[in-house]
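Asker: Structure below; questions to follow.
The values are calculated or read from the model by the stated rules, or taken from the named source; none is laboratory data. Remember, it's a predicted structure, so these values are computed and weren't measured experimentally. Cβ sites come from the backbone with ideal geometry, for glycine too, and all protein chains shown count toward neighbours.
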Amino acid sequence: MTGTCGTPVSVERLLEYLLGELSADDEDQLEAHLFACAPCAAEAESLAGLAAAVKRVIPPILTRSRFEDLDAVGGVAHVNAMRPGDVAQVLFPPPGKALVLRLAGADLGQARRVDVDLRTPTGEAIVRLEDVPFDAARGEVLVACQRHFAERFPHDMVFALEVVSDDERHRVAEYTVLHRLP
């Protein structure tokens, strides 16, 4: 972030705030910073608007029926099927379309809940999506990538699927996606 901010808040930290992932103390400190720092407040507002718009239009994780609806109206530019451990280079889709990553081959049969951790290939956390839609029988999670994500998120990311069952959590699969602009 630019401007008069002495210590800019990272996009990752703002996303944690917007997703409600901060402790009460951290949230209070961040809110105090946003109140006093116009550049960071503007960035938070922009991210909040983007997150709300994306969720209204195309959520980042799709249910099977939402995927089928999007596909039926031409909203899906391409489907990229991936298996655990795969590394795929993909192109961001044209504006208004979604690239769907079919993260398949994971053992989701015993899952009560599936969470998805996004991080950079070097391990830096981007965001955690909890209790996402998943298809246990197919062992897959459907992720929608959209072109405007290129402006806010790293292009290269690792999607890690974690299964929660009977209060146990374990990582069951990782997929590395290298997004490129056409």
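Asker: Among (1) buried (at least 19 other Cβ atoms within 10 Å of the Cβ); (2) within 15 Å of residue 175 (Cα to Cα); (3) of a type in the set (Gly, Ala, Ser), which single condition is residue 98 missing?
Answerer: Among (1) buried (at least 19 other Cβ atoms within 10 Å of the Cβ); (2) within 15 Å of residue 175 (Cα to Cα); (3) of a type in the set (Gly, Ala, Ser), the lone unmet condition for residue 98 is (2).
Asker: Out of the residues in segment 9-48 that are outside any helix (DSSP H, G or I) and among the hydroxyl-bearing types (Ser, Thr, Tyr), which is nearest to residue 148 (Cα to Cα)?
Answerer: 10
Asker: Could you go through segment 102-121 and let me know if any residue there is in contact with a helix residue (DSSP H, G or I) (Cβ under 9 Å, 6 or more places away or on another chain), assigned to a loop (DSSP other than H, G, I, E, B) and crowded, with 18+ Cβ neighbours inside 10 Å.
Answerer: Checked segment 102-121: no residue is in contact with a helix residue (DSSP H, G or I) (Cβ under 9 Å, 6 or more places away or on another chain), assigned to a loop (DSSP other than H, G, I, E, B) and crowded, with 18+ Cβ neighbours inside 10 Å.
Asker: With respect to residue 31, determine if the residue is out of contact with any strand residue (DSSP E or B) (no Cβ under 7 Å at 6 or more places or on another chain), surrounded by 13 or more Cβ atoms within 10 Å (Cβ to Cβ), at pLDDT 85 or above and not assigned by TED's automatic domain parsing to the domain that holds residue 99.
Answerer: Here the answer is yes, as residue 31 does meet what is asked.
Asker: When the residues of segment 103-128 are narrowed to those that are of a type in the set (Val, Ile, Thr) and in contact (Cβ under 8 Å) with a residue 12 or more places away in the chain, which ends up nearest to residue 163 (Cα to Cα)?
Answerer: In this case the residue turns out to be 114.
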